[in-house]
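Worksheet for the structure shown next.
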Amino acid sequence: MRRFFVLLVILSIVCGSVLLAQEQAPEQGTAQSDATASIPVFSQFEKGDILFSLSAGTAFGLGFFNPTTGSFDPANLKPSFTILLSLQRFMTPNIVLGGEIAGYFFSTINDRQFFLAPLGARIGYAFDLNPFFIIPTVSLGAAIMRLSDMGHIDPYIKTGAVFGWSPSQEICYTIHADLMTIPQFYSDSSQNRTGLFLDLIISATYHF
Amino acid sequence: MKRFIPALLILIVFAVSCDNGPVGIFASIGSESPIEYKGTEVFKKSTPAAVVSRNGTLYAVITTLWKKNGNTWEKATNLPSQAMYATSAAVTGTTLYVAFLDSNAHSLGVFSTTDDSNWTPVDITFPANDEQVQQLLAVNNKVFAVTTKAVDGKTQYNLYHLSSGSFVSLIRTGTNLFSLAYVGSTYYVASGTTIWISTDLANFQESLTLADDFFTSITSIGGKPTAVTAFGKVYWHEGGWYNTNALTKSSKNLYLHAPVEYNDTLFVATNTVVRKTSSVTEVSPIAGYIELAFPLSTTKTQRDDNSLVTATNTVFSATIGGTALSMLTLITENGKPTLYAGSVGNGLWSNRNENGSWLGWQRETD
């Protein structure tokens, strides 16, 4: 059931974006031919541009660092189903600033359900390799977590990069690879751990 | 907008961190070990009612009667005629007593066996047509039965004592399941807000009555009758009644039941239940169990929010999870103390102690 849902979400994102790209194709062709005539080098992003991404993918728990013992506990998590929404605005033609919210649905090796929802701000620097682009990013925020009847909120930092391809000016497809670090603090310090997670996410990004 | 974003960042990064749960989430996940389960889903998701031992053989009441064979459980065969379900079991000496129901959940009464094959009805007139046997208890090598009966739309609990082949009514006014202990020639009977004492099982007198709390279990621990309550207190009798302060989590009193003791540690099950008194209706905070160190003290809370965490509890949380316990009992198998925990909808678990160390919770399988 879950696989079906994941497939459905991914298909929805891809099909929706392809349809939108097809609808915009004639206009794009005209604009491109006009632009080609007047501006030989075409910049993908301008100050004030907005990127809105719908994403789905998976994440892997890499381990939990135990500061008491100085060693890593095993992650004991199966790969997650992950959805992510992000909205970013170009402050300059290269610097992009925005926010993100995601939901990670993990199962532990004994099938306990672990839900993780990071909510934070993201900053990145875009390298324009038209029609491709790379945006190294850093995200900072709070991660809301739930395991069985236990809940917790902790800060997180996520570093990574977005690798994108723009078949048109309105739509682009991206792959995110991020390392998320979540230090988890308790009043009983023996329970403190720092969790490490690796995200692999594909997105349909709307550019307007 | 320019002020909002930095303010939001600061708020998110520094201001949001709450402490909820005795066990760290990452610590709990990291401490998991894979559980191989080859049994049926029915057994895995069952709610065990009782585990007892007779002559070194373990029996469990999980909808029906089960018997442990090696490392796995199997349904007991050769049950009494028409017996389909079991509600409770108790053992005195080498005799196993089980309360059975037929396929329509009508009570068949209590049967006994000494060899697993030949079952004898204990008292063919028991229970009465309008009563159901809910619990069998073995105290001081005697068998007690607790039945329920609907009276004016409410459940009335009745306590019986098996005497000369017949169940004799003792106290008919219980508002909750009865629990018994026998210490120093005296029976201590707890139900609802009251503990009664009796030396002859004929005459009872009130020994302790609570104003706004009720007893869930009483047992003999360390030679003292020890009772736990629905609002987190432990009472014990030592010349007079003493009690701890209420055990709390997040400023809410725990719901305690089924205490067992091993090696100066009291294991007490906790449940998340809706409980009511004349002035309070609330949900108790955590499910699982806690450990209390002896000696118990009247002057302080035995454990507060922070010290509810124990190594054993962490392992428990990583395996059984936060589900409520239907039963918790300590049985010595081949000289090794073993805790058996019935989890509501999550099967039967055990934790064996070898050479002074608990080996960790393992799922029992059929």
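Restricting attention to region B:45-84, and to residues there that are buried (at least 19 other Cβ atoms within 10 Å of the Cβ) and either farther than 28 Å from residue B:143 by Cβ or hydroxyl-bearing (Ser, Thr, Tyr) (or both), which single residue is nearest to the other protein chains (Cβ to nearest Cβ)?
Here the answer is B:46.
Looking at B:125, B:155, can you tell me which residue is open to solvent by 20 Å² or more (accessible area, probe 1.4 Å), modelled with pLDDT under 90 and either in a strand (DSSP E or B) or β-branched (Val, Ile, Thr) (or both)?
B:155
If you go through region A:134-148 one residue at a time, how many are open to solvent by 50 Å² or more (accessible area, probe 1.4 Å) and within 7 Å of chain B (Cβ to nearest Cβ)?
Final tally of qualifying residues: 2.
Being out of contact with any helix residue (DSSP H, G or I) (no Cβ under 6 Å at 6 or more places or on another chain) and surrounded by 19 or more Cβ atoms within 10 Å (Cβ to Cβ) narrows it down to one of A:128, A:111, A:199, so name that one.
Selected residue: A:199, the only one of A:128, A:111, A:199 that is out of contact with any helix residue (DSSP H, G or I) (no Cβ under 6 Å at 6 or more places or on another chain) and surrounded by 19 or more Cβ atoms within 10 Å (Cβ to Cβ).
Determine which member of the set A:116, A:140 is of a type in the set (A, V, I, L, M, F, W, C) and over 30 Å from residue A:93 (Cα atoms).
Answer to the selection: A:116.
Would you check if there is a residue in region B:196-209 being touching a residue at least 40 places away in the same chain (Cβ under 8 Å), of a type in the set (A, V, I, L, M, F, W, C), assigned to a strand (DSSP E or B) and in contact with a Ser or Thr (Cβ under 6 Å, 6 or more places away or on another chain)?
No: zero hits.
For residue A:114, are the conditions met, namely being more than 9 Å from chain B (Cβ to nearest Cβ) and on the phi < 0 side of the Ramachandran plot?
So residue A:114 does not fit the description; no.
Is it fair to say residue A:161 is closer than 29 Å to residue A:73 by Cα, within 14 Å of another protein chain (Cβ to nearest Cβ) and hydrophobic (A, V, I, L, M, F, W, C)?
So residue A:161 fails the test.
Name, by its number, the condition in (1) within 19 Å of the chain's Cα centre (by Cα); (2) at pLDDT below 95 that does not hold for residue B:75.
Of the numbered conditions (1) within 19 Å of the chain's Cα centre (by Cα); (2) at pLDDT below 95, the odd one out for residue B:75 is (1).
Residue check, residue A:103 against (1) within 19 Å of residue A:140 (Cβ to Cβ); (2) within 14 Å of chain B (Cβ to nearest Cβ), all met but one. Which one?
That leaves (2) as the condition not met.
Restricting the first residue to region A:179-201 and requiring it to be more than 10 Å from chain B (Cβ to nearest Cβ), which pairs with a second residue that is crowded, with 22+ Cβ neighbours inside 10 Å and of a type in the set (S, T, N, Q) meet a Cβ separation below 7 Å and a spacing of at least six or different chains?
Here the result reads A:199/A:82; A:201/A:55; A:201/A:82, each pair linking region A:179-201 to a residue that is crowded, with 22+ Cβ neighbours inside 10 Å and of a type in the set (S, T, N, Q).
Would you mention how many residues in region B:210-247 are open to solvent by 60 Å² or more (accessible area, probe 1.4 Å) and outside any loop (DSSP other than H, G, I, E, B)?
Final tally of qualifying residues: 2.
Identify the single condition in (1) assigned to a strand (DSSP E or B); (2) in contact (Cβ under 8 Å) with a residue 24 or more places away in the chain that residue B:112 does not satisfy, given that it satisfies every other one.
(2) is the only condition that residue B:112 fails.
Which of the residues spanning region B:273-286 are open to solvent by less than 60 Å² (accessible area, probe 1.4 Å) and either in contact (Cβ under 8 Å) with a residue 40 or more places away in the chain or of a type in the set (A, V, I, L, M, F, W, C) (or both)?
B:273, B:275, B:277, B:280, B:284, B:286
Cβ-Cβ under 6 Å, sequence separation 6+ or interchain: first residue in region B:50-72 and closer than 21 Å to residue B:103 by Cβ, partner of a type in the set (A, V, I, L, M) and in a loop (DSSP other than H, G, I, E, B). Which pairs?
B:61/B:49; B:65/B:76; B:67/B:76
Can you name the residue in region A:60-99 that is in a loop (DSSP other than H, G, I, E, B) and away from every other protein chain (no Cβ under 12 Å) and, of all such residues, is least open to solvent (accessible area, probe 1.4 Å)?
Ranking the qualifying residues of region A:60-99, first place goes to A:80.
Can you report the number of residues in region B:168-195 which are part of a strand (DSSP E or B) and open to solvent by 40 Å² or more (accessible area, probe 1.4 Å)?
So the answer is 3.
The values are calculated or read from the model by the stated rules, or taken from the named source; none is laboratory data. Keep in mind the model is a prediction, meaning the values are calculated, not measured. No Cβ is skipped: glycine too gets one built from the backbone with ideal geometry, and neighbour counts run over all protein chains shown. We work out accessible area using only protein heavy atoms, side chains counted, and drop any ligands, DNA or RNA first. Shrake-Rupley method; radii C 1.70, N 1.55, O 1.52, S 1.80 Å.
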